[in-house]
């Protein structure tokens, strides 16, 4: 069996039925799984999920305080741009294109460190990266950790229920998983530490990283605009922290086939190109599934890709040493043949 079928911790309701098909769990089953994964008293290896959701919940007091005490349209706009555009674009650049797909390389560890901490930290690397490899391999299949056919709640709680690594990996498989993450700057646990903590990352180092990142950013925003700005930014960052958990459900058509001929050329899954995530975060999702290792996913003139523009700028100034750009391959293999056809085509659906 392929490692990517066994690399994630299996929920109690399973990823696949006895025949290898997907069985959609009930909401009650999803909630039970979620709370069991947060229970540190039941299993200390739940620490990473607990930390991730604790961090998300910590944004709530900032959000409430901002709207009750410090609200102004100027601060709201600043927080909105920071969360939707800067955090969204950073997620695309660092976690998605670099962390998972290695679409570009940093010149050295110093630039990696700065890029890793450019915004308020929300998502632990291993939760995103390992599961995202599985998602690309089995999109809409039984092992897809955020399978859109599971419904909105299935996707929203996926980081807790479906995205943590398996706790029963062999030593050789664990080392393969660790190599998926260590290029991001995460220092992997030894195999013995993995058996104790159930993760690639060590809890002490991860908690320190989160704390240092949050304190540094809060002090920076306090220095720029005082307590009101710091509260506004952290409050609106929470909107992204919760909202990003819904993205894959929307980005794969909410369980419906919303792909459009001449726009969405990848027909191996239900991913779609959407204008809003494309413009604010450079996430042209169908293009990305077609060429996942490309540092650019906005291939057409109207598909502005801010993440790509930053990567290209970083390359010009020496932050990035190399990158992969598949725009030419997209035009040659997908866009041009479709539009040169003498008759309108209907792209083949799987």
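Odds and ends about this structure:
- Taking the listed residues 206, 199, the one that is modelled with pLDDT of 95 or more, in a helix (DSSP H, G or I) and buried (at least 21 other Cβ atoms within 10 Å of the Cβ) is 206, with no other qualifying.
- Here is the figure for the range 177-196: residues that are within 17 Å of residue 112 (Cβ to Cβ) and touching a residue at least 24 places away in the same chain (Cβ under 8 Å) total 6.
- Scanning the range 63-77 for residues that are touching a helix residue (DSSP H, G or I) at 6+ places or on another chain (Cβ under 6 Å) and either surrounded by fewer than 21 Cβ atoms within 10 Å (Cβ to Cβ) or over 18 Å from residue 221 (Cβ atoms) (or both) turns up 63, 65, 70, 75.
- The set of residues from the range 143-153 being crowded, with 18+ Cβ neighbours inside 10 Å and more than 22 Å from residue 47 (Cα to Cα) comprises 143, 144, 147, 148, 150.
- Residue 199 touching a residue at least 12 places away in the same chain (Cβ under 8 Å) and in contact with a helix residue (DSSP H, G or I) (Cβ under 7 Å, 6 or more places away or on another chain): yes
- Residue list for the range 243-283, restricted to those being assigned to a helix (DSSP H, G or I) and touching a helix residue (DSSP H, G or I) at 6+ places or on another chain (Cβ under 6 Å): 245, 246, 248, 249, 251, 255, 280, 281
- Taking the criterion of being under 18 Å from residue 277 (Cβ atoms) and part of a helix (DSSP H, G or I), the residues of the range 100-135 that qualify are 100, 128, 132, 135.
- Residues satisfying the stated conditions in the range 47-63, i.e. more than 12 Å from residue 232 (Cβ to Cβ), in contact (Cβ under 8 Å) with a residue 40 or more places away in the chain and over 20 Å from the mean Cα position of the chain (by Cα): 60
- Hits in the range 176-196 - residues which are touching a helix residue (DSSP H, G or I) at 6+ places or on another chain (Cβ under 7 Å) and surrounded by 14 or more Cβ atoms within 10 Å (Cβ to Cβ): 177, 180, 181, 184, 185, 186, 188, 189, 191, 194
- Some residue of the range 73-96 being in contact with a strand residue (DSSP E or B) (Cβ under 9 Å, 6 or more places away or on another chain), under 30 Å from residue 305 (Cα atoms) and outside any loop (DSSP other than H, G, I, E, B): yes
- Filter result for residue 72 (modelled with pLDDT of 95 or more and within 20 Å of residue 209 (Cα to Cα)): no
- The residues in the range 105-146 that are touching a strand residue (DSSP E or B) at 6+ places or on another chain (Cβ under 9 Å) and within 30 Å of residue 6 (Cβ to Cβ) can be counted, and the count is 9.
The values are calculated or read from the model by the stated rules, or taken from the named source; none is laboratory data. Here the structure is a predicted model, which means the values were calculated and not measured. Don't worry about glycine lacking a Cβ; one is built from the backbone with ideal geometry, like all the others, and counts go over all protein chains shown.
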